[in-house]
Amino acid sequence: MTTTLEKDLSGKVALVTGSASGIGRDIAETYARAGAAVGIADINLDAAQKTVNIIEAAGGRALAIEMDVTSEEAVNAGVQSLVDAFGSIDILVSNAGIQIIDPIDKMAFSDWKKMLNIHLDGAFLTTKAALKHMYSGDKGGTVIYMGSVHSHEASMYKAPYVTAKHGLLGLCRVLAKEGAEHNVRSHVICPGFVKTPLVEKQIPEQAAEKGISEEAVVNDIMLVNTVDKEFTTVTDIAQLALFLAAFPTNVFTGQSIVASHGWFMN
Ligand code: NAD
């Protein structure tokens with residue numbers, strides 16, 4: 001079937017985790033502009049409420065949800081509160097994440113576990129809670145995981161991050177197969193470096209770790225393998241997330257889509 005795409009999410013309900021900041025916030029605002037009601041789920045409730053205020057001021061609908069994605073209880077309660085407020089959940093963007101940088105031989109086991117807990121357990125728990133509603137009556141839905149170029153490539157000092165982001169490909173692919181009979185599709189978005197608080201924090205950290213300037217971290221490490229020395233932007237990623245959420249068929253299910261200015265090419 002050939003399709004034409006209208007980027008319209010009217011009548012849809014989306015949950016975006018980690019949407020008080022950075023990439024998640026832009027996705028949430030973009031989904032709201034496209035007509036979706038959006039759950040702004042974040043561990044930081046005050047910041048989540050600020051995102052809601054911005055969306056409501058622009059005429060959109062949103063709900064702030066305090067959610068630590070590593071807590072099964074908080075995830076289940078948060079998803080239920082979204083469904084209670086807006087009637088369903090059609091789109092999940094599992095986006096919440098952090099970064100901890102250390103060489104493997106110095107990495108604390110507690111930091112390793114914290115990273116896998118947020119990135120992988122968080123993705124599993126939010127998916128499971130969303131599927132309860134998406135599978136009901138085979139209503140269906142779209143699940144988008146925020147992967148990274150590090151779902152495909154390795155970088156030094158990022159062992160748990162690279163491990164977790166690779167792991168999301170597996171979860172996405174299994175969900176593509178299991179979800180199909182219930183009209184659920186899944187995708188991984190894999191951004192290159194995006195200037196958000198998560199990355200702003202890494203620039204001085206890496207400069208100190210390697211004994212180089214911050215400019216060298218940006219040009220000689222972060223953007224070194226791009227074709228044009230450009231950062232990926234939150235808008236790039238939000239538009240891709242909108243495209244995937246609005247697409248009307250299963251043609252992209254199970255796929256990871258890389259947005260990295262040529263840093264990684266599939
Ligand atoms: P960010 O720091 O701007 O935002 C992350 C958000 O997640 C914050 O609002 C934070 O409060 C929230 N959060 C953290 N732990 C949480 C938890 N346990 N439960 C709920 N919320 C939690 O970061 P960002 O750059 O927007 O990153 C978002 C996602 O994009 C992450 O998964 C990250 O790995 C991924 N990513 C980022 C980049 C980049 O260059 N910025 C590149 C590739 C992938």
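The values are calculated or read from the model by the stated rules, or taken from the named source; none is laboratory data. If you're wondering where the values come from, they're calculated on a predicted model, not measured in any experiment. Using ideal geometry, Cβ is built from the backbone for each residue, glycine included, and neighbour counts are taken over all protein chains shown. Protein only, heavy atoms only, side chains kept; ligands, DNA and RNA dropped before computing areas. Shrake-Rupley method; radii C 1.70, N 1.55, O 1.52, S 1.80 Å.
What the table below lists for this structure:
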| quantity | calculated |
| --- | --- |
| Other-chain or far-sequence residues with amide H under 5 Å of VAL194's (modelled H) | none |
| Residue-normalised accessible area of the chain, given per residue in Å² at a 1.4 Å probe | 45 |
| J(HN,Hα) series, the range 8-19, from Karplus relation 6.51 cos²θ - 1.76 cosθ + 1.60, nearest Hz, glycine and proline x | 10, 10, 4, x, 8, 10, 10, 10, 10, 8, x, 9 |
| Dipole of the chain, positive direction: furthest Cα of ASN44, LEU82, ILE54, with charges on the beta-carbon | LEU82 |
| Most mobile listed residue (ALA74, ALA96, ALA245) in the chain, GNM with C-alpha springs under 10 Å | ALA74 |
| Area accessible to solvent at ASP111, 1.4 Å probe radius, in Å² | 40 |
| Rounded to the nearest 10 Å², the accessible area of GLU73 at probe 1.4 Å | 150 |
| Theoretical ellipticity at 222 nm over the chain - DSSP helices of four or more residues, -39500 (n - 2.57) apiece, nearest 500 | -13000 deg cm²/dmol |
| Heavy-atom accessible surface of the range 122-266: percent carbon and sulfur, 1.4 Å | 55 |
| Phi-based couplings in Hz for the range 103-119 (Karplus 6.51, -1.76, 1.60; Gly and Pro marked x) | x, 4, 6, 10, 5, 5, 4, 5, 5, 4, 5, 4, 5, 5, 4, 6, 6 |
| For ILE65, distant residues with modelled amide H under 5 Å away | ILE40, ALA41, ASP42 |
| Top of VAL184, VAL79, VAL227 by mean-square fluctuation, Gaussian network on the chain, Cα under 10 Å | VAL227 |
| Semi-axis lengths, Å, the chain, gyration tensor of Cα atoms, sqrt of 5 times eigenvalues | 29, 20, 19 |
| Ranked order, THR196, THR253 - accessible area, probe 1.4 Å, largest first | THR253, THR196 |
| Under 18 Å from the ILE54 label point (7 Å along Cα→beta-carbon), backbone N, the range 215-247 | 232-242 |
| Antiparallel %, DSSP beta bridges [both residues in the chain], to 5 | 0 |
